[in-house]
Amino acid sequence: MRRLLSLIALCIVSAAAWASSPVAGEKAPDFRLQDQKGDWHTLQTGQGKWLVLYFYPKDFTAGCTTEVCTFRDDIAKLHKAGAVVLGVSLDDVKSHAEFAEKYHVPFPLLSDPDGAVATKYAVLTSHGDTKYALRETFLIDPAGKIVKVYKDVDPEKNSGQVLADLAALKKAGA
């Protein structure tokens, strides 16, 4: 019975996050978070560039490792496309530092330990007593407006999807 109640609660929280997520065309919610080096980042970190803000559940888990490594491997292409990449999870700065060092991550991993930014982006969820960010990505234009929201992200394909969308947006003159 307890397991059923936990599952129902997870579905309710996930449905609420899905319903109130920022959408394309809206101004991206601002934030101020520390990265794995202790440096602070805000929405303005990517000002004048495209910003790929991706949320992920937990350092050192299979899907999250795949995703961070895919973004790592595509970072030169993303920079060439004019994009800055920021990863966000509820893990602390120390965990991010260890994760970034182990996998040679060349971009900031932001620590959102209280889930405040995950809440602003409607990606905070929980399973029992464990809170974490859903795996979602926001593509934000140089003016700070959300252009694309990627829900239920496939960790292997997310970076490629972002690159394809950046190319299409540039071709369309965005």
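The values are calculated or read from the model by the stated rules, or taken from the named source; none is laboratory data. All of these numbers come straight from a predicted model, not from anything done at the bench. Note that we place each Cβ from the backbone using ideal geometry, even for glycine, and neighbour counts take in every protein chain shown. What goes into the accessible areas is simple: the full protein's heavy atoms, side chains included, and nothing from ligands, DNA or RNA. Shrake-Rupley method; radii C 1.70, N 1.55, O 1.52, S 1.80 Å.
Pick from segment 114-136 the residues that are part of a strand (DSSP E or B) and in contact with a Lys or Arg (Cβ under 8 Å, 6 or more places away or on another chain): which of them is nearest to Asp92 (Cα to Cα)?
Start the filter on segment 114-136 by keeping residues that are part of a strand (DSSP E or B), which leaves 124-127, 130-133, 136.
From the residues that got through so far, the ones that are in contact with a Lys or Arg (Cβ under 8 Å, 6 or more places away or on another chain) too are 124-125, 132, 136.
Numbers: Leu124: 16, Thr125: 17, Tyr132: 12, Glu136: 19 Å.
The qualifying residue nearest to Asp92 (Cα to Cα) is Tyr132.
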The number of residues in segment 42-65 that are surrounded by 19 or more Cβ atoms within 10 Å (Cβ to Cβ) and within 25 Å of Ser126 (Cα to Cα) is 8
Of (1) open to solvent by 20 Å² or more (accessible area, probe 1.4 Å); (2) within 20 Å of Lys27 (Cα to Cα); (3) not small (Gly, Ala, Ser), Val117 fails just (1)
Going through segment 139-149 in order, the residues found to be in contact (Cβ under 8 Å) with a residue 40 or more places away in the chain and either more than 14 Å from the chain's Cα centre (by Cα) or open to solvent by less than 20 Å² (accessible area, probe 1.4 Å) (or both) are Leu139, Ile140, Asp141, Pro142, Gly144, Lys145, Ile146, Val147
Per the filter on segment 66-92, residues open to solvent by 20 Å² or more (accessible area, probe 1.4 Å), touching a residue at least 60 places away in the same chain (Cβ under 8 Å) and out of contact with any Leu (no Cβ under 9 Å at 6 or more places or on another chain) are Thr66, Thr70, Asp73
Restricted to segment 129-138 and to residues being open to solvent by less than 50 Å² (accessible area, probe 1.4 Å) and in contact with a Ser or Thr (Cβ under 7 Å, 6 or more places away or on another chain), the residue farthest from Lys58 (Cα to Cα) is Leu134
Filter segment 20-78 for residues that are in a strand (DSSP E or B) and charged (D, E, K, R); the one that is nearest to Tyr132 (Cα to Cα) is Arg32
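Would you mind stating whether Val123 is open to solvent by less than 40 Å² (accessible area, probe 1.4 Å), at pLDDT 95 or above and within 11 Å of the chain's Cα centre (by Cα)? Even if it seems obvious, please write down each step before you answer.
Details: open to solvent by less than 40 Å² (accessible area, probe 1.4 Å): yes; at pLDDT 95 or above: yes; within 11 Å of the chain's Cα centre (by Cα): yes.
Yes; evaluated as a whole, the condition is true for this residue.
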Kindly indicate whether any position in segment 162-173 is modelled with pLDDT of 95 or more, open to solvent by 10 Å² or more (accessible area, probe 1.4 Å) and in a strand (DSSP E or B). no
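Can you tell me which residue in segment 150-161 is surrounded by the most Cβ atoms within 10 Å (Cβ to Cβ), limited to those that are closer than 21 Å to Lys77 by Cβ and under 12 Å from the mean Cα position of the chain (by Cα)?
Just the residues of segment 150-161 that are closer than 21 Å to Lys77 by Cβ, to begin with: 150, 153-161.
From what is left, the residues that are under 12 Å from the mean Cα position of the chain (by Cα) are 150, 153, 155, 158-159.
Details: Tyr150: 18, Val153: 20, Pro155: 20, Asn158: 22, Ser159: 25.
So, considering only residues that are closer than 21 Å to Lys77 by Cβ and under 12 Å from the mean Cα position of the chain (by Cα), the one surrounded by the most Cβ atoms within 10 Å (Cβ to Cβ) is Ser159.
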